[in-house]
Amino acid sequence: MLTKNKKQLLVFPLFALGFMAMPMSLHAEEQDSIQTNPIEQVVIRSYVPQRPTAPSVGQPVALTWITSRDLSQYRMQSITDLTGRVPSLFVPDYGSKRSAAIYLRGSGARSSGQTIGLYVDGVPVLNKSGFNFDIPGITGVEVLRGPQGTLYGRNAMSGIINYYTRSAFDQPGGEAKLTAGSHRLLRGSVEQAFRLSDKVGLSYGLSGTTRRGYFYNETRQAYQDSLRMVGGFAKLEYRPTEQLEMALSLSGDYVQQGGFPYRTDDPRTKQPLPLSADAPETYERHTASLRYLLGYKWGRVQLQSATSYQYLFDETHMDMDALPVSYFYVTQRMREHGVTQEFILKNLREGSARRRYDWSLGLFGYYDAKHVEAPVTFTHAAMSALLGPQLAAAHRRNPRIPQMSYYDPERADKHNANTFEMPDWGVALYHESALHLDKNWTLTAGLRLDYEQHQIDYHSVGYPLGVQIAIPGGTPQTITTPAVTLKGTQRVDYWHLLPKLALSYRPSERVHAYATVSRGVKTGGFNEQSFSDLITTAQQQALRGQQVDPALIPSATTYKPEHSWSYELGARYALPSAGLELSSSVYLMQVRDLQLTRFVASGAGRMVGNAGSSRTLGFELSATQRLWSSLRAHLNYSLTDARFTEETTAAKKGNFVPFIPRHTYSVMLSANEPLSRHLRLLGEVEYAGLGEIYWREDNTTRESLQSTLRARLGLSYDRYTLALWGANLTDNSYTVFQAASPLGRLFQTSAPRTLGVDLSVKF
């Protein structure tokens, strides 16, 4: 059983030597660094559904553990703040809570299913649109790098992020925080955990954030990326006996915001043009999650159960042309209901005694139903600009085809109405065992069998399309086709078999080395946004008296799962007396049917397509060194060499995979120095960077290596803390996303310099 802790959640120094038989004892108050620790050194209550990685035996896994103190001290308030703090992890900030693109070890996704899973108290978050949240009460973040498919299943191909919320039994007390900063940033939060009795505990939290925005739109005379957000959680825990533990939690948020706007550039100079989109880009989200967690033990066996209901509604309005003249825009609404259930049965440790054999058996199931409405509006200017050249080109290619031009005397907007019902479900059975060959060697083997079914019921309705045919020496003739409708059902199912084999070697308490080989998978699915292009194509074919072949729809709207084999060598070393801790790994990941995001042909949305095979060679290094007293130096570095290994129409063999930074690094100095009995000096300065990033499969456009500087300086007096902080102090502006559209290059730029002050009080 997971050990109880009467004090705060205990963690151990950064990159402490993993999987030691007798872990070092160091209180959380004595630490001042992001922790990369073995999981068994992290004390987590047993009601949280745990895989055998915690806390039974040393596991061969690259792990970063971030404490609640780290989250506060380093101002880590959302998933985007993990970039640079975790080797090989890149979460770009697009300014929108919807766009949680996550890349880890050369694998990731912008708009499709993720390759990194996110769990909250052992429960998976089903939709990537709900990953980027800001809820108080997170007491720790755990990042497992490399495929975790055996224990976590699909969409854990490159890693897992685990969030743990505050417990009244482990971290009683409360804290209130207030932040004010430039760009009219204002954030407040309060959280508290307390015992109602010896058996009942309650924890809760509430936060709210407002921001005027960074980017001013001259056309609209308004800031494009304003933010309004509230979030909260509540958790009730019940522990009637040593054998039974339960927790019921509710969390959710409301978001209303813009995103970092799309810009265009001068085709000749390639310099950015002033922000001038004529329509706002807005995002609204409502989320709610209900989780019921249970742990029951008898003898040497424990049963863990996690049940969840998840609700998400979001609505997006996007100006897809980024021009002062309206061409086309997209409105997408999604309503989602999801249910998950997981059972874990595993053996328990008896005190500090070492067992010969550890095992875990799990059963997981989910149901996820989405209703999506995605109308696309084309203005008269857009229809003329997009359809006119196509008609002219058809005449040039074949002079027998008469000259035609787009015709609409009413100059009205045209609408593609797209509605989708997307029910998915799946079930999985998995097992993992650890055989301790002797006091130094451990062999771990695991196997998971997944089945999942995806379905889409689509209903796409086009618009009447008119053209004018030139008649030499006569009056032009007008032809108008009726609106075209595409309606039907597609269904796909997948079986996934995910094995894992690892060997761990620990010759001393200071050294731990491991080797792993494992398989991962990222699920396939449907491109609902591609139906807008299909219906547009159907309208044009109707002009020629043709119809869309229904057999072509699946190939245009479906993408296959992405599979990988990963091979990793890792090692950890710690010398506590000198304050030195090191962790490094090298890995090779081979991917088949790589999924990439592209704009659809019309530019009105994005779609996912399979782009052949790739391989990623990577190196990761983390280190910390005590320099003097409380002054510590921290280093994170990763090299990610992700390249195509298969020739495709879009990419040559050897080209870099787009959207993946080749280098990420973070160099930081931190201090937590006592000045007197009650007064402490807090501070850190960090220089972080990433790049180079290629934006296209043909590697014709890229962003060079970019760096930013941030700092924080404060004083803590007993329960009170006051700190000044600054982000992107050099005010470096760089591209965070770029894509080609039919109207030219579209890109987003990074947030500018931000300064602020934090005030907090504990109670």
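Every read-out reported here was derived from the displayed coordinates using simple, explicitly stated rules and does not represent laboratory data. Here the structure is a predicted model, which means the values were calculated and not measured. All Cβ positions, even for glycine, are placed from backbone atoms using ideal geometry, and neighbour counts span all protein chains on display.
For this structure, a couple of remarks:
- Positive-end extreme of charge dipole, the chain - chosen from Gln529, Leu588, Thr442 (charges on Cβ): Thr442
- Label zone (Leu447, point 7 Å along Cα-to-C-beta; backbone nitrogen cut-off 18 Å) within segment 511-547: 517-521.
- Multiplying the residue separation of Leu348 and His395 by 0.36 nm and removing their Cα-Cα distance gives an extension gain of 9.3 nm.
- For segment 105-165, the residue among Pro124, Asn162, Gly106 whose Cα projects farthest onto the positive side of the dipole built from Cβ charges is Gly106.
- Between segment 706-729 and segment 361-379, the Cα center-to-center distance that results, in Å: 40 Å
- Counted residue by residue at 0.36 nm each, then reduced by the alpha carbon distance between them, the extension gain from Leu435 to Glu242 reaches 66.7 nm.
- DSSP beta bridge pairing in segment 84-182, given as percent antiparallel to the nearest 5: 75 percent
- Ranked by the mean number of other Cβ atoms within 10 Å of their residues, highest first, the peptides 482-493, 437-448 come out as 437-448, 482-493.
- Two-site FRET efficiency, Arg75 against Arg411, from Cβ-Cβ distance with R₀ of 45 Å, rounded to 0.05: 0.30
- Between amide H atoms placed 1.01 Å from N, distances below 5 Å from Thr115 occur with Ala109, all of them 5 or more places distant or on a separate chain.
- Relative contact order for segment 215-291, counting Cα pairs under 8 Å that sit 6 or more residues apart, in percent: 37 percent
- Residue-wise HN-Hα coupling along segment 230-246, computed from phi with Karplus coefficients 6.51, -1.76, 1.60 (Hz; x: Gly, Pro): 9, x, x, 8, 8, 9, 10, 10, 9, 10, x, 9, 5, 8, 10, 9, 9
- Hz values of 3J(HN,Hα) by residue in segment 682-698 - Karplus curve (6.51, -1.76, 1.60), Gly and Pro given as x: 10, x, 7, 9, 9, 10, 10, x, 7, x, 7, 10, 8, 9, 10, 5, 7
- Dipole orientation for segment 87-218: of the candidates Leu196, Leu151, Pro92, Pro92 has the Cα lying most toward the positive pole (charges on Cβ; Lys, Arg +1; Asp, Glu -1).
- Working note: 222 nm ellipticity from helices only, DSSP H runs with n ≥ 4, each -39,500 (n - 2.57), summed and divided by the residues of the chain, gives -2000 deg cm²/dmol to the nearest 500.
- Relative contact order computed over the chain (Cα-Cα under 8 Å; 6+ residues apart), in percent: 11 percent
- The angle between the Cα long axis of helix 380-397 and the longest principal axis of the Cα atoms of the chain comes to about 60 degrees, rounded to the nearest 10.
- Given +1 at the Cβ of Lys and Arg, -1 at the Cβ of Asp and Glu and no other charges, the dipole of segment 56-147 around its Cα centre is 240 debye to the nearest 20.
- Converting the Cα gyration tensor eigenvalues of segment 657-703 into ellipsoid dimensions via √(5λ) gives semi-axes, longest first, of 42, 6, 6 Å.
- Where only C-alpha atoms are counted, convex hull volume of segment 466-595 per residue in Å³: 196 Å³
- Length gained when the stretch Gln271-Thr475 is fully extended (0.36 nm per residue, less Cα-Cα span): 68.8 nm
- Phi-derived couplings, Karplus 6.51 cos²θ - 1.76 cosθ + 1.60 at θ = phi - 60°, listed residue by residue for segment 317-324: 10, 10, 8, 7, 9, 6, 10, x Hz, with x used for Gly and Pro.
- Across the alpha-carbon set of segment 538-692, the Rg to Rh ratio works out to 1.23, Rh being the Kirkwood radius.
- For segment 691-737, size of Cβ-based charge dipole, Lys and Arg +1, Asp and Glu -1, in debye: 260 debye
- Rg over Rh, two decimals, the chain (C-alpha only, Kirkwood Rh): 0.99
- Using the Cβ-Cβ distance between Gln490 and Arg355 with R0 set to 41 Å, the FRET efficiency works out to roughly 0.25.
- Centre separation in Å (Cα based) which lies between segment 70-146 and segment 209-285: 14 Å
- The angle separating the long axis of helix 530-543 from the principal Cα axis of greatest extent in the chain is about 10 degrees.
- Take each peptide in 77-87, 664-674, count the other Cβ atoms within 10 Å of every residue, and average; sorted highest first, the result is 77-87, 664-674.
- Dipole magnitude of the chain, debye to nearest 20 (Cβ charges: Lys/Arg +1, Asp/Glu -1, about Cα centre): 1040 debye
- Sequence-distant residues sharing a close amide H with Thr645 (under 5 Å, placed H): Ser613, Ser614, Arg615, Gly654
- Under a 5 Å amide H cut-off, with hydrogens placed 1.01 Å from N, Thr219 pairs with nothing among residues at least 5 apart or on other chains.
- Only Cα pairs under 8 Å and 6+ residues apart enter the sum, and on that basis the relative contact order of segment 695-763 stands at 32 percent.
- Sorting 260-267, 614-621, 101-108 by average packing, meaning the other beta carbons within 10 Å per residue, from highest down gives 101-108, 614-621, 260-267.
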